[in-house]
Amino acid sequence: MGEAAPQASGDSAFSRMISGAPTVKAAHEGVRRYLRGFVMLPKFRANSKQEAVEKLVAEIAAVNPHHVTDVAEAAAAVLKREESMPTGLDHGIAVPHGRCASVNGIAGAVAIVDNSGTANGCIPDYETIDNSPISIIVLTLSNDTQPTPYLKLMGFISRALRADDGYARLLKCKTPEEMRKFFRKVK
């Protein structure tokens, strides 16, 4: 699979971050195991970016309490990161992430946002570089002092969603198992 297309300047830092990561084919071997522990949410709703982040971190902590020991600190780390540089990309994809001491290893969630019944999406304050409503959120947490393959995982997820219109295929998933199957099939 090829490299992702260049992005607008608002996404340049993220593009630089993933451009140094190995290609999907090389990266998928090691990082796929981290995705096994990610929470998969096919019908996610939130009314704001803050609510989305807090709900996703709470879901991660509920499923993986050994990975997230302080929900408030983890959510605050993600929101602080969002203040410095929002993570809404194009095609309705958002990749919020944060690093803090209360996270052990890597944990995360993939959410397909249920925008049904809304004119502009149910998370109106989550901006994307192409002004599309948020439809997929991939939230990743890691420890800020332990070495983890954080960037490698973020690169894998980004390429999985962007290569061959992966985001459109993920949006068709209706169950957590279908979502997991999507990531398992990434070559």
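Could we say that Arg180 is buried (at least 21 other Cβ atoms within 10 Å of the Cβ), among the basic types (Lys, Arg) and either over 22 Å from Ala74 (Cβ atoms) or without any contact (Cβ under 8 Å) to a residue 24 or more places away in the chain (or both) here?
Answer is no for this residue.
Can you tell me which of (1) modelled with pLDDT under 90; (2) surrounded by fewer than 15 Cβ atoms within 10 Å (Cβ to Cβ); (3) among the β-branched types (Val, Ile, Thr) is the one Val24 doesn't meet?
(2)
In the set Gly105, Gly92, which member is under 26 Å from Gly166 (Cα atoms) and not aliphatic (A, V, I, L, M)?
Gly92
Kindly indicate which of Asn115, Asn120, Asn104, Asn131 is modelled with pLDDT under 95, open to solvent by 10 Å² or more (accessible area, probe 1.4 Å) and within 23 Å of Tyr34 (Cα to Cα).
Unique residue meeting the criteria: Asn104.
Looking at (1) over 17 Å from Glu51 (Cβ atoms); (2) open to solvent by less than 60 Å² (accessible area, probe 1.4 Å), which one does Ile137 not meet, given that it meets all the others?
(1)
Tally the residues that are open to solvent by 40 Å² or more (accessible area, probe 1.4 Å) and under 14 Å from the mean Cα position of the chain (by Cα), restricting the search to the stretch 145-166.
Of the residues in the stretch 145-166, 3 are open to solvent by 40 Å² or more (accessible area, probe 1.4 Å) and under 14 Å from the mean Cα position of the chain (by Cα).
Which condition from (1) modelled with pLDDT of 95 or more; (2) open to solvent by 50 Å² or more (accessible area, probe 1.4 Å); (3) of a type in the set (A, V, I, L, M, F, W, C) is the one that Met85 breaks?
(1)
The values are calculated or read from the model by the stated rules, or taken from the named source; none is laboratory data. Given the structure is predicted, the values throughout are model-derived calculations rather than measurements. Positions of Cβ are backbone-derived with ideal geometry, glycine not excepted, and every protein chain shown enters the neighbour counts. Each accessible area value is taken on the protein alone, full model and side chains, heavy atoms only, with ligands, DNA and RNA left out. Shrake-Rupley method; radii C 1.70, N 1.55, O 1.52, S 1.80 Å.
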